[in-house]
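Encoded as structure tokens, the structure appears first; notes follow it.
Readers should treat all values here as calculations from the given coordinates under stated rules, not as data from a laboratory. As the structure is a computational prediction, the values presented were derived from the model and not from experiment. In this analysis, Cβ positions are derived from the backbone assuming ideal geometry, glycine residues included, and neighbour counts consider all displayed protein chains.
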Amino acid sequence: MRRNYKVRAGIGAGTSTVLLTLAALTFVPGASMSKDAAAGVMVLGLLVAVPLMIVGLVQGALAKADKSTMWLAVRCLPGRVQAGLAVLGVAGAVLGGTVMGSPADLAEPQIRNGLYYAEDRSERPWKRIEISCSQYETIVRSDQRAMFTIPGAMLAITACLTLAYGELSRADAAAAQAHQAGSAGASLRL
């Protein structure tokens, strides 16, 4: 496998690990970041994820591989790499499930004059209501979990696909080299 596939997959997997770890830390009471810091981390995650995903989609379009071929390419990866990708995938799925399962009635938490407010979205029109400090912390942690999980899961998928495309590229290059060696040998025999 060429080095560029390994580097891109490593960047994606490393960034995914950081983001999914931050998402998991939101379950620890009092471990949330400020809203600005969390937004900055999410933007950085997306700045890494989007270009890697675009390159991965272009590679996928050029590879023209079906699902069974992709699965075989993933199976050809070393066991530790497969295990690492599996851990990232399971972590992304579990954290994604907690994001989808969280109540969305209260959103947009704010602090004004020492009081905690959020939008009540349970009925229309939405209205801003006063909430307790614990409700505020719960909403902030849930928002941060979503902010970190989504790009983290995207990067985990991108890392897996990048390594699979790299393995397919390596196999194609080896087959082409074997074909050239076989046709060169055949012309020498004539």
- Quick one: if you take sqrt(5λ) for each eigenvalue of the C-alpha gyration tensor of the chain, what semi-axes come out, biggest first, whole angstrom? 47, 14, 13
- Message: If you fit an axis through the alpha-carbon atoms of helix 133-189 and take the longest principal axis of the Cα set of the chain, what angle between them do you get, 0 to 90°, nearest 10?
- Response: 0
- A174 to F27: FRET efficiency via 1/(1 + (r/R0)^6), r the Cβ-Cβ distance, R0 45 Å, to the nearest 0.05? 0.50
- For D105, D66, what's the fewest-to-most ordering of other Cβ within 10 Å of each Cβ? D66, D105
- trypsin sites (Lys or Arg not before Pro) restricted to DSSP loop in region 119-188 with at most 16 other C-beta within 10 Å: R121
- Task: Normalise the Cα radius of gyration of region 66-128 by 2.2 N^0.38 Å (N = residues in it) and let me know the number.
- Result: 1.99
- Query: Taking the Cα atoms only, what angle lies between the long axis of helix 3-25 and the longest principal axis of the chain, rounded to 10 degrees?
  - Reply: 20
- What is the order of C133, C76, fewest Cβ neighbours within 10 Å to most? C133, C76
- Assign unit charges at the C-beta atoms only (+1 for Lys and Arg, -1 for Asp and Glu), then state the dipole size of region 63-174 relative to its Cα centre in Debye, rounded to the nearest 20. 300
- Query: Just how large is the dipole of region 1-110 about the Cα centre, in debye to the nearest 20, putting +1 at every Lys and Arg Cβ and -1 at every Asp and Glu Cβ?
  - Reply: 760
- Where does the chain land at 222 nm, in deg cm²/dmol rounded to the nearest 500, when only DSSP H runs of n ≥ 4 count, each adding -39500 (n - 2.57), divided by all residues? -26500 deg cm²/dmol
- Task: Could you calculate, for region 17-119, the ratio of the Cα radius of gyration to the Kirkwood radius, expressed as Rg to Rh?
- Result: 1.09
- Sorted by packing (mean other beta-carbon atoms within 10 Å per residue), highest first, where do 157-168, 77-88 land? 157-168, 77-88
- Listed by chain and number, the lysines with an alpha carbon less than 25 angstrom from that of K67, same-chain partners under 8 positions apart left out, are K6
